[in-house]
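Structure, as structure tokens:
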Amino acid sequence: MLHQHFSTEAPKPRLARRQDYAKSYSILLAPGFSLVSLGGFTQCLHLANTLSGKSIFDWELHSENGAPVRSSCGLQVGVQARKPDPRDIDCLLVISARNPKISRQLSGWIKTATRHGCVLGALDGAVIALADAGCMQHGSRWSVHWRQFSAMQECYPDQEFRRTPFTRGKNTFSGIGATSGVDIALGEIQAKLGMEFALRCADEMNYSAQHKFQSLSSDRHPALASIDNETLRDVVEEMELAIEDTPSAEYFAQFAGISIRQLERLFQQHLNQSPMRFFLSLRLDHARGLLLQTNLSVAEIAICCGFGSSTHFNKRFKESFGVNATRFRAESAA
């Protein structure tokens with residue numbers, strides 16, 4: 001990971017973990033965290049304990065300095081006075097706002113925990129915070145909001161980012177969206193107690209109808225979420241890969257093995273726009289993400305998104321978002 005330096009000192013031997021019979025979570029709250037995410041995660045685990053009749057899951061709440069933390073809706077939540085020794089944490093879950101900053105001291109604490117075998121989880125904006133602080137190990141897998149997806153790929157190429165609502169890796173898990181806390185908790189319950197018990201918990205919460213627990217694996221563009229046409233899906237995926245090169249409509253038709261007229265009908269029928277208009281919107285969305293999440297200049301972003309000049313890029317950007325790229329970045333940072 002960029003800016004990440006792990007010690008070569010061998011980890012100290014550890015005592016047997018309590019997760020042999022229970023799984024313990026240290027939940028780190030950052031200012032502006034979502035109460036919905038925290039409540040969904042802890043309430044779901046509490047339900048699992050209740051239904052099983054055992055204390056299978058337990059958790060503690062922490063902040064960087066031991067003080068209560070104000071959530072995004074203004075309510076404050078109390079935490080344990082002191083953070084635990086990072087070498088003794090089984091699983092660390094970070095919940096934060098979308099644009100948080102992790103201090104160097106806190107970053108070191110998190111790195112020590114992961115170096116000693118801690119599983120690292122992230123909800124909401126915590127993925128961005130952990131990446132910016134260099135707390136992710138090389139090649140780890142994370143869910144990010146689709147608006148940040150392109151920028152995160154650009155900034156952290158040694159990580160694997162997905163647009164799925166939740167993702168589980170070897171030693172990581174993450175989620176995005178209002179119900180991500182529940183989604184992640186059900187994933188933890190499934191891993192510990194099996195799918196049948198996890199679905200029982202979902203039923204008890206009356207969550208089953210909304211919760212696509214067995215099928216939330218699509219990493220497609222959200223515009224295709226309700227479209228069941230594999231040709232269209234494949235073309236859009238190819239468009240996302242070709243943003244910098246900006247090939248022609250003929251290229252995409254050849255890629256799909258259909259005529260240009262068929263391609264245009266396909267996009268018009270399902271997305272109500274031409275293929276190249278949709279491709280332009282993909283490029284501009286990618287540019288918007290880079291403006292928000294990176295320090296690349298407007299000229300560099302124009303090149304990354306396949307525009308021949310900053311002038312052309314700014315013109316297209318203003319047509320789509322009402323302001324040029326420079327002003328958009330300035331207003332977003334204000």
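Expected output is a single nm value to one decimal: the length gained when fully extending between Ala330 and Lys101, i.e. 0.36 nm times separation in residues minus the C-alpha distance. What is it?
80.5 nm
Quick one: angle between helix 230-241 and the longest Cα principal axis of the chain, in degrees between 0 and 90, rounded to 10, please.
Approximately 90 degrees, to the nearest ten.
Could you give the length gained by full extension between Arg87 and Ser274, i.e. 0.36 nm per residue of separation minus their alpha carbon distance, to one decimal place?
61.8 nm
I'd like the carbon and sulfur percentage of the solvent accessible area for the chain, probe radius 1.4 Å, heavy atoms only, ligands and nucleic acids excluded.
Carbon plus sulfur share of accessible area: 48 percent.
In sequence order, what are the phi-derived ³J(HN,Hα) couplings for the stretch 57-62 according to the Karplus relation 6.51 cos²θ - 1.76 cosθ + 1.60 with θ = phi - 60°, rounded to whole Hz, with x for glycine and proline?
So the Karplus estimates, Gly and Pro as x, are 10, 9, 7, 10, 9, 9 Hz.
Find which of Asn49, Gly177, Pro157 sits farthest along the positive direction of the dipole of the chain, computed with +1 on the beta-carbon of Lys and Arg, -1 on that of Asp and Glu, about the Cα centre.
Asn49
Find the relative contact order for the chain and round it to a whole percent, using C-alpha pairs within less than 8 Å whose residues are 6+ positions apart.
The value is 14 percent.
On a 0 to 90 degree scale, rounded to 10, what angle separates helix 310-321 from the longest Cα axis of the chain?
The helix 310-321 is inclined about 70 degrees to the chain.
Which one of Leu296, Gln137, Pro84 is farthest out on the positive end of the charge dipole of the chain, using unit charges on Cβ (Lys, Arg +1; Asp, Glu -1) and the Cα centre as origin?
Pro84
What is the distance, in nm, between label points placed 7 Å from the Cα along the Cα-to-Cβ direction at Cys73 and at His138?
Going by the 7 Å Cα→Cβ label model, 4.3 nm.
5 Å is the cut-off here: which amide hydrogens, built 1.01 Å from N in the peptide plane, fall below it relative to Trp59, excluding neighbours closer than 5 in sequence?
Placed amide hydrogens put Tyr25 under 5 Å from Trp59.
Using θ = phi - 60° and the Karplus form 6.51 cos²θ - 1.76 cosθ + 1.60, what ³J(HN,Hα) does each residue of the stretch 154-170 get, whole Hz, x for Gly and Pro?
5, 7, 10, x, 8, 10, 10, 10, 10, 9, 5, x, 8, 9, 10, x, 5
Holding the Cα-Cα limit at 24 Å, pick out from Lys54/Lys83; Lys101/Lys192; Lys83/Lys111; Lys101/Lys318 the pairs that are longer than that.
The answer is Lys54/Lys83; Lys101/Lys192; Lys101/Lys318.
Give the Rg (one decimal place) followed by the Dmax (whole number) of the chain, computed from C-alpha coordinates and expressed in Å.
My reading of the Cα-based Rg and Dmax gives 22.0, 66 Å.
Give me the angle, in degrees from 0 to 90, between the Cα long axis of helix 260-271 and the longest principal axis of the Cα atoms of the chain, rounded to the nearest 10.
40 degrees
Roughly how many nanometres apart are two label points built 7 Å out from the Cα toward the Cβ at Met195 and Phe321?
A separation of 4.1 nm, rounded to one decimal place.
Give me the number: length gained by fully extending Ser297 to His46, i.e. 0.36 nm times residue separation minus the C-alpha to C-alpha distance, one decimal in nm.
Residue separation times 0.36 nm, minus the Cα-Cα distance, leaves 85.6 nm.
Rounding to the nearest 20 debye, state how big the charge dipole of the chain is about its Cα centre with +1 on each Lys and Arg Cβ and -1 on each Asp and Glu Cβ. Provide the component values of the computation, followed by the final result.
Numbers: 36 positive and 33 negative charges, 150 e Å.
Computed about the Cα centre, the dipole is about 720 debye.
Give a residue-ordered list of calculated ³J(HN,Hα) values for the stretch 134-144 (Karplus: 6.51 cos²θ - 1.76 cosθ + 1.60, θ = phi - 60°; whole Hz; x for Gly, Pro).
x, 8, 9, 6, 4, x, 6, 10, 9, 8, 9
The values are calculated or read from the model by the stated rules, or taken from the named source; none is laboratory data. These numbers come from a predicted model, not from an experiment. Every residue, glycine among them, receives a Cβ derived from its backbone with ideal geometry; neighbour counts consider all protein chains shown. Surface accessibility is based on the protein's heavy atoms, side chains included, excluding ligands, DNA and RNA. Shrake-Rupley method; radii C 1.70, N 1.55, O 1.52, S 1.80 Å.
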